[in-house]
Structures are given as structure tokens and as C-alpha cells.
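The values are calculated or read from the model by the stated rules, or taken from the named source; none is laboratory data. All of these numbers come straight from a predicted model, not from anything done at the bench. Here the Cβ is made from the backbone with ideal geometry for all residues, glycine too, and neighbour counts use every protein chain on show. Each accessible area value is taken on the protein alone, full model and side chains, heavy atoms only, with ligands, DNA and RNA left out. Shrake-Rupley method; radii C 1.70, N 1.55, O 1.52, S 1.80 Å.
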Amino acid sequence: MHLVHTSPEADVAIIGAGVVGCAMARRFALEGATVVVLEAATDILSGASKANSAILHTGFDAPTGSLELACMQAAYAEYMDIRAAMNLPVLETGAMVAAWSDEEEARLPTLLAQAQENGVTDTRLLGRAEVLAREPALAAHVRGALLVPREYVIDPWSAPLAYATQAQMLGARFLFNAALKGARRDGATWVLDTAAGEVKATTVVNCAGLYGDHVETMFTGKPSFEIRPRKGQFVVYDKAASEHLRTILLPVPNDRTKGVVLTRTIFGNLLVGPTAEEQEARDRPDVTRPELDMLMDKAVELVPALRDMPVTAVYAGLRPATERKEYRVHADADLGYYCAGGIRSTGLTAALGIASHVFALWGRAHQAVRGAVNAPPQPVMPNLAEHLPRDYQTPGHDGIVCHCEMVTAREIRAALDSPLPPGDFGGLRRRTRCAMGRCQGFNCLARVATLSEGKLRADILPEGDA
Amino acid sequence: MSDTCDVAIVGGGPAGLSAAVELKRQGVARVVVLERFGRAGGIPRHCGHPPFGMREFRRVLSGPAYARRLVATAEEAGVEIRTDHTVTAVRSGGVLELATTQGAMTLTARRVLIATGNRERTRAQRLAPGLRPVGVMNTAALQSFVYEEGRKPFLRPVIVGSEMVALSALLTCMRHGMRPVALVETRERVQTRRLFMALAALLRVPVLTGAELLSIEGRTRVEGLRLRRNDGTETMLACDGIVFSGRFTPEATVARASGLALDAGSLGPEIDAGGRSSDPHVFVAGNVLHPVETAGVCWAEGRRVAGVIARELAAETGETTEPASRAGAAVRPGEGLRYVVPQRISGATELNIRAEGAARGRLVLRDATGRELVVKTLRAYPEQPIRLRVPALDAAALSGDLHLGLERDD
Ligand SMILES: Cc1cc2nc3c(=O)[nH]c(=O)nc-3n(C[C@H](O)[C@H](O)[C@H](O)COP(=O)(O)OP(=O)(O)OC[C@H]3O[C@@H](n4cnc5c(N)ncnc54)[C@H](O)[C@@H]3O)c2cc1C
Ligand SMILES: Cc1cc2nc3c(=O)[nH]c(=O)nc-3n(C[C@H](O)[C@H](O)[C@H](O)COP(=O)(O)OP(=O)(O)OC[C@H]3O[C@@H](n4cnc5c(N)ncnc54)[C@H](O)[C@@H]3O)c2cc1C
């Protein structure tokens, strides 16, 4: 099939600008396709991708032989490849799957065997003394652990933003406030009815996360999977907490209870979570008191020094889980429909791999793509990682606006003037960290609101304020 | 870049500025105030309402006028105020690490005074349930919207909390065309004098005490606050903003980063009666010690600690003289008392105490043997600043820990 361009029709319309949609846009744009991204919300990363644990997984515990594992491992390698050029940070923490009982300790060798089978060959078992030598603040009743040296922490927002920005530099168009409402096939073209008007594309890729099944229905009439949102709540401790733990602390998986993770964030905090709560609503990542209390109790149980540690933030994310554990990736080439659905709990890691996988499925049916872009432009992301030089440390920054997170006026202006600027307050926070620290805007909220006034799709100030 | 001075003051609020002026008055040569914002003055900068200044200037001023006056007085006295200077930590020996518009710097001081103030607990710190829409903020943020940026962040907010600062929120709203839907207090009674809350009733803003917050509603902007009222019924208060007022907590970031011993009750640094922290070079004053007192109290405290520092510096002869260490016997607050400041006393002093909730009964200071040293009858509303005058104590009393107990009437 030959791709001819009668103006606004794109080769590919991507539905959803979560991490998967952003990576998808990048991959297709890199391969020379014309891309349009339709996003219902006012900014990228407004769904599941807004809130996660920010761990770059090795896949050590993923189902052996699964697409999920393949995507994660391909993506891990690609991330490490591109991160220097795009200035994407990595906090090389490593992880320990820590055992706290006989039962859990007995499971460690099985986990080790699976990790080895999954090709994560640098994993090894640690005895209690080794665990405590590595992490002296752990509660003394720890038994031992599986060490996974290459599980790392990343910035969950700068990475997808880099993917999207690169796609845009390559010509991809991002439409916001552009919820897909319906679709019809006109010959070999999809005519998409969106909240921002009609959009035409030859192929569509469903990256709609928590609405993947609804969107699939618009294209195929009947969804092949059902989204069952699973909420994960988190508590973020003050930066002072991070001195108590360097390694990501993972639970031994267990059929009955979901364990919680304790990890540093790339921003210098310590995070405990997530819960795993099945729920109906796709748009209610509520935080709830008993679960937050449970998380903090758990954190103190594992790291006693966290007792009385001030809390900086609480949040929740919704995993786009389905009735089955695996990713729901499939294609109907004749129909021009591709789906990357049900990317439940490893999408931050796997997105680059999922994108390459879907592109490969598409490429099989589309022999005559114009060809990959040579020497693509590389967006350089501003660094927000605490362990690397920050903007405030460089002279001439015009003053610090957010003192808890040390965000400068220069950084805020740069984000507002960037190629893919924030569409709302959340987007500005994710791009700069302003108002995300311990005072949550007590000091800077008003200033941030006026700095960004008129520059966001959804202003911080209410409409009609004068 | 490195630099030196006699006293470096972290924070240019009422406590820091009054200390600076007093140090100059007592002849200390080089006094530098480091303020992270572009302007000094502290919280009053954006409190566009009275009353400020009675104790200090014998007149009632609005916050911004008061802040300007504090700054002007300090400048006239020869205090060096460096704005846009954030102190990130105080290393031992009085070495301050600074973040400035010129990049990182250090400043070495013979003594350091930490006066970083406090802030209201956020929605997150209260673990308030629900969604996380735009329009949830503290009173201070509301006030800076109105008084610094000339903007209204919402039109029909709910105010959570009933301490004095809730009245600031209420009046700021009323005066600037925002109409509070209700004042919501999660505890059984208002957290100040009941009389103050009569004002809310006068303004026809309902006060709902004993309410449980069920959820903050709104996917992008605030749309409501769902709660269970004290009669057990559930309501949804439609609103476009939520102000979490009060429940102050010290801005103890620098103190923590500097490794100062913190008090588990106040959450601020522990001090002796002279204001000295666990680091002999570092003194502390103002609301970072005791959340929360009025600006006037913080101002007076800054001045008092400045006197201690000035005397100590005057007594230093050679270059090598070491500062004294924290002095006195520890005062341990008992059940029902949230904190007592200072945490150590030696000579005659005044204790600054906060009880949990309303307190009626006997406040008793005992020595380690159980001997009653000072007794006071107490009738305090919640969050009331409680003072206890302690006379000079004998050596026997100071030989062990002191215990401050609240014996409640029943
Ligand atoms: C609690 C939690 C912890 C996690 N921890 C990790 C981790 O540590 N490491 C890791 O790798 N992964 C982690 N994940 C998983 C990861 O966050 C998800 O896999 C990933 O975010 C899914 O991305 P997505 O792009 O598929 O979905 P989404 O981010 O939900 O994106 C879908 C987008 O589609 C848009 N959309 C929906 N319907 C329409 C429509 N009709 N028209 C237009 N646009 C539409 C939505 O607005 C949304 O922006 C975690 C997830 C959660 C919830
Ligand atoms: C909304 C509101 C209304 C109020 N209304 C009244 C009232 O009507 N009357 C009254 O008497 N009191 C009122 N108060 C209380 C009053 O503001 C405080 O008592 C007083 O400001 C405390 O003074 P302070 O010097 O201890 O701290 P602050 O005024 O908080 O000053 C601390 C200063 O330190 C700076 N700082 C903090 N950390 C650093 C750092 N790392 N480096 C450099 N600088 C730093 C801060 O920027 C700030 O300027 C109100 C408070 C609030 C929040």
C-alpha cells in the first residue's frame, strides 16, 4: 500500500497521550509516518500515567515468555540508549525483594530462578546480615532478600514528555481537549469525530488507557477486553526520609495480599505504596484515610525511623487493568486498527517497547513507509532530579519561586515556553515540580498562578476572575 | 564565594528582623539577615489585615504596613538584609550554605539565629480524603492571591479549621468579594474562643463543628466537599475552593537539614531558656519553635534571644572562644500537653505551653522527686497560648528532669 497525503489526513491517529501514546507517537514519527495524537484532557499524562511508582523495571518477575517481558526489556535497553541525549535521569538504586517471614524467605529461590530465566542474570540472594549492611535502617526482623541491581528509579514525567516532544519535533500534531467520540470508516480512511473537530487518519492506535475498551468499541463495535480499574494510593514522605533507604524495597509477591513498595523518588523523597484496590470508576483516583494509614503503618514497620516523619504528599493512580493479567495488544490491519490496551502496571517502563512492537505489526502491513528519519532532533529535558545539578545552582535564574522544591522563575518560564507546554496546573507541576513540595503551595501557589496566567489551557485561577 | 559576619539570621520575618535590630542596638558589628523571598517581612507581608504592631510600634497596622516598618527599622539600624538568599543548611561551626541568584555560596557566622517561621498543614499532611482538584490551598496562599497578586482564587470556598487564622481567611474572603459557604471544623468545638466564631454567624457563614471530611470532589477544579455532620447526616457542600486553615507546623527544614535536635511535640528545634539549640552556635526564635503565636510574641522573642547572643559575643575575647552549650534541666510535658518551649530551663523563665484541645485543671511543674515547684489553675480554650512563670529554681530541682503535668478537672 502506498501512502499518499491529501493534506490533513494522517497516517496514524493515536488515541490517548499517556506514556504509551507518547512513546507510540515518537516511534511512528521516527519511522517517518505522519502522526496526530488525540487527547481528551488538557495535557499529556492525565490518566494512568499521571501517578505511578516511577520504577524502571528489569522484568525480573514478569511472566516468562510474555509480551510484557519482551516489551519491558526492549524498552529498558532503549531508555538507557536514548537517555543521555535527552537528559533523562536515572537513580541507580537497585531493588531488594525483602523477606520478612519464613514463608517469604522460602520463596526467594523461586524468584531468583525466575529472574535468571528472564535473563536478569545479575540478581542474587542476600543474607540477613548483607541486607542490613546495605540498608541499616531496615527493621531488624528482615530475613534476607533477592537483590536486583538494575531496578532503577526514573522521572515518570520527563521521559514521556521527551517522547512526545521528539514526536512533535518530527511533525506529530498533538490535539488536546480532543476526546474521541466516534469513528467511521470511509474507504481506507478513518473519520474521527472528536471534541476538537473531525480528524482523518489511515490507521488508528488505541492508547486510551483506562478507556481502552470504550475506544475499541468505537472502532470494532465490540470490545475484546474490559477495563477494570485498579487503584494504587501512595504516601510521599519529606525529603529528610530519603536518607533512611537507598535501595528500592519490594515485597515478596503473594497470592493473598499485595505488598507495598518503599522507594526513593528521583526528586529526593521517599515513597510508600501502592495499594491495589479494584473499583468501578475510571475517573476517581481518590485518596482514602484507612489506606493511607495502612501504608504509613507498613512503612514504619519496615523502616522504623519513618515514625513521625512528615508527609509531603498523598496521591493515587488508576491502573488500566483488565479481566486478564497480560497486555491487550492486538491489530486488525485490514481495518486499520491497532490496540495497546490494558497496560496495567509496567507501562512506564515498557512504553518504548510496546511502541516498537506495535510499529512492527503496522509495518508488516505497510511496506512503503517513507522510511526512518535520519539523525532525528533530540529534545533535551530540563533536569529535576535531586541528585543531579538543578537550575537553581546555576547563576542568573531570576530567583526561586517554589522554595520547597527549589524551582526557579527561569524554569517555570522555560516550561511555559517549551514546544509542548503544560496545559494545566498538574502539567506545570509535573514539568517543574512547583508547589509539589512540603508546603504544597502555601508559599508559591499565588505566584505560580500569575506567572502562568493565560498560558495554560485550564488556568489555575477560576474563569472570569478579574 | 565565601563571606563572614558576626550573626547570620535565617529568615526575615518578625522574629528575625527584631533580633537583627536588637543585635545592632547592642553593638554587634555585622548582622546579616538571609531571606529566601524577594522581600523581607515574613508572613505579615501578605496579611492585608490588622492587627499587627501593637507591641512593637504601639499602633495597629495591617500586615504589609507592619512588614515594611520592620524592614525599614532594620535597615536604619544598619542590618544587612539579603533577599533571594535561601539557606539550605547550617554546618557545624556556624557555616551557612546558601542558594542565591548567583549560585551556591557560603557564609560563616560567629552565631546563627534560625527564625524560619511556620506554615499551615496541607491537605496532604492532614490526609484529607478525596480527589485532588485545583483550588485547594492554605490561608497563606489565599492571602497571597489577594494581597500580593490582586487575584481571587475562587468565589465560594469552604474554610476548614476554626483557629484564629480561619478568621483571617473568612475576613479576607468577605472583604474581597468571595463568599465562604461554610466554616468546617473536624473537632467537636471551635479551636479558639467561642466568641470569635460568633463573628462567622454574624456574617451568616455557618460553622459546622464535629464534621468528618468524607471527600474532596472535583475532577479538574474543586466542585464540593462531602462531609458527615455531627448529627450523622451526609452533606455535599458545593464550593469552588477549599481553604485548609491552621494546624500550624514549624518550617523546620533548615533545622532538620542542619541536624538540630527536634522536639517531638512542637516539631521545631529544642532550645534552652536562652534560645540555644543542640548546636552551640545556633539559636532559634519565632514560630519555628511554637506553632503558632502572634507576630508580636515572635518579635519579642527575637529581641530576647538577640540579647543573649549579644552578651555572649561581647564576652568573647580571643578568636578561639567556644560558645556555651545548652544549659539547664529538661522539661518534659505530660499527657494532654502538646509542647512546652523552651525544652530546658535554668534561671527564672516563662514557659510557652500548648495543650491538646481545651484544658481545665491544674498545671503543675514538678522536679524529678515529684516535688511541686509551680502550680497554676488553668482554663484554656483549644489552641490557647498558655504561659507559666517559673521562678529561679534551686540546685536540687535542677538536678534531674522536670515534669510538667496537666491534672484535668473532671
Ligand atoms: C499505582 C501505579 C503504580 C505504577 N507503577 C509503575 C512503575 O513503577 N513502573 C512502571 O513501569 N509502570 C508503573 N505503573 C504503570 C503505568 O503507570 C501504566 O502502565 C501506564 O501509565 C499506562 O499508560 P497508558 O498510556 O496506557 O494509559 P493512560 O496514561 O491512562 O493514557 C491514556 C490516555 O488516553 C486518554 N483518553 C482516554 N479516552 C480517550 C478518548 N476517548 N479520546 C481521547 N483520549 C482519550 C486519557 O485521557 C489518557 O491521557 C503504575 C501504575 C499505577 C496506577
Ligand atoms: C494567614 C495568616 C494570618 C495571620 N494573621 C496574624 C495577625 O492578624 N496578627 C498576628 O499577630 N499574627 C498573625 N499571623 C501570625 C504571624 O504571621 C506570625 O506569628 C509571624 O509572622 C511569625 O514570625 P516569624 O518571624 O517567626 O516567621 P515568619 O513570619 O513566617 O517569617 C519567616 C521567614 O523566614 C523565611 N525563611 C524560611 N526558611 C528560610 C530559608 N531556608 N532561608 C531563608 N529564609 C527562610 C521565610 O521566607 C519568612 O520570610 C498570621 C499568620 C498567617 C499564616
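Side notes on the structure shown:
- Going from the isolated chain to the complete set of protein chains, the range B:136-155 loses at least 30 Å² of heavy-atom accessible area (1.4 Å probe) at B:ALA141, B:PHE145, B:GLU149, B:ARG151, B:LYS152.
- Stokes-Einstein diffusion coefficient of the protein assembly as shown, Kirkwood radius over Cα pairs, 4 °C, 1.567 mPa s, in µm²/s: 44
- Degrees between helix A:102-117 axis and first principal axis of chain A (Cα, 0 to 90, nearest 10): 40
- In the context of the full set of protein chains, the range B:329-408 has a per residue accessible area of 44 Å² (1.4 Å probe).
- Altogether, the Stokes-Einstein calculation at 10 °C and 1.306 mPa s, with the Kirkwood radius of chain B over Cα pairs as Rh, returns a diffusion coefficient of 71 µm²/s.
- Reach of A:LYS181 by Cα under 29 Å, taken over lysines that are not fewer than 8 positions away in the same chain: A:LYS50, A:LYS200, A:LYS222, A:LYS231, A:LYS325, A:LYS455
- Residues whose placed amide H lies under 5 Å from that of A:VAL401, excluding near-sequence neighbours: A:VAL407, A:THR408, A:ALA409
- The A and B chains share an interface that buries close to 3800 Å² of accessible area, total over both sides, probe 1.4 Å.
- Of all DSSP bridge pairs formed entirely within chain A, close to 70 percent run antiparallel.
- In the range A:405-436, burial by the other protein chains removes 10 Å² or more of 1.4 Å probe accessible surface, compared with the chain on its own, from A:MET406, A:PHE425, A:ARG429.
- Its DSSP H runs of at least 4 residues, each contributing -39,500 (n - 2.57), put the calculated 222 nm mean residue ellipticity of chain A at -9000 deg cm²/dmol, to the nearest 500.
- Hydrophobic long helices, here whole DSSP H runs in chain B with Kyte-Doolittle means of at least 0.0 and Cα atoms spread over 27 Å or more along the helix axis, are found at B:295-315.
- DSSP-defined antiparallel bridges as percent of all bridges, the protein assembly as shown, nearest 5: 65
- At an R0 of 22 angstrom, the distance between the Cβ atoms of B:ALA327 and B:ARG387 translates into a FRET efficiency of 0.55.
- Chain B: most fluctuating residue of B:ALA72, B:ALA211, B:ALA348 per GNM, C-alpha cutoff 10 Å: B:ALA348
- Acute angle (nearest 10 degrees) that the helix A:19-30 long axis makes with the longest principal axis of chain A, alpha-carbon atoms: 50
- Counting protein heavy atoms only, the range B:104-143 has 50 percent of its accessible area on carbon and sulfur, 1.4 angstrom probe.
- Applying 1/(1 + (r/R0)^6) with r as the Cβ-Cβ distance of B:ARG371 and A:GLU280 and R0 = 51 angstrom yields a FRET efficiency of 0.20.
- Partner aspartates and glutamates for B:LYS152 [C-alpha distance under 19 Å; skip if fewer than 8 residues away on the same chain]: A:ASP424, A:GLU453, A:ASP459, A:GLU463, A:ASP465, B:GLU223, B:ASP240
- Helix A:347-365 and the long axis of chain A differ in direction by around 30°, with both axes built from C-alpha atoms.
- Cα gyration tensor shape for chain A, rounded if a/c is under 1.5, else prolate or oblate: oblate
- Carbon/sulfur fraction of accessible area - the range A:301-347, other protein chains in place, 1.4 Å, %: 46
- Three-way shape label, the range B:122-244, alpha-carbon gyration tensor, a/c 1.5: oblate
- A 1.4 Å probe run over the range B:122-244, with the rest of the protein chains in place, finds 39 Å² accessible per residue.
- For the range A:280-293, the Karplus equation 6.51 cos²θ - 1.76 cosθ + 1.60, evaluated at θ = phi - 60°, returns couplings of 7, 5, 9, 10, 10, x, 5, 8, 10, 4, x, 6, 5, 4 Hz by residue, with Gly and Pro reported as x.
- The range A:391-452 shape via C-alpha gyration tensor axes, a/c threshold 1.5: oblate
- Summing charges over all other residues whose Cβ lies under 13 Å from the Cβ of A:ALA115, with Lys and Arg as +1 and Asp and Glu as -1, gives -1.
- Each residue, B:ASP394 and B:ASP231, gets one label point 7 Å from its Cα in the Cβ direction; the gap between the two is 6.0 nm.
- From most to least packed by mean Cβ count within 10 Å, the peptides B:230-236, B:146-152, B:180-186 give B:180-186, B:146-152, B:230-236.
- Percent carbon-and-sulfur accessible area, the range B:329-408, ignoring ligands, DNA and RNA, probe 1.4 Å: 48
- Taken per residue, the accessible surface of the range A:212-322 reaches 39 Å², heavy atoms only and a 1.4 Å probe.
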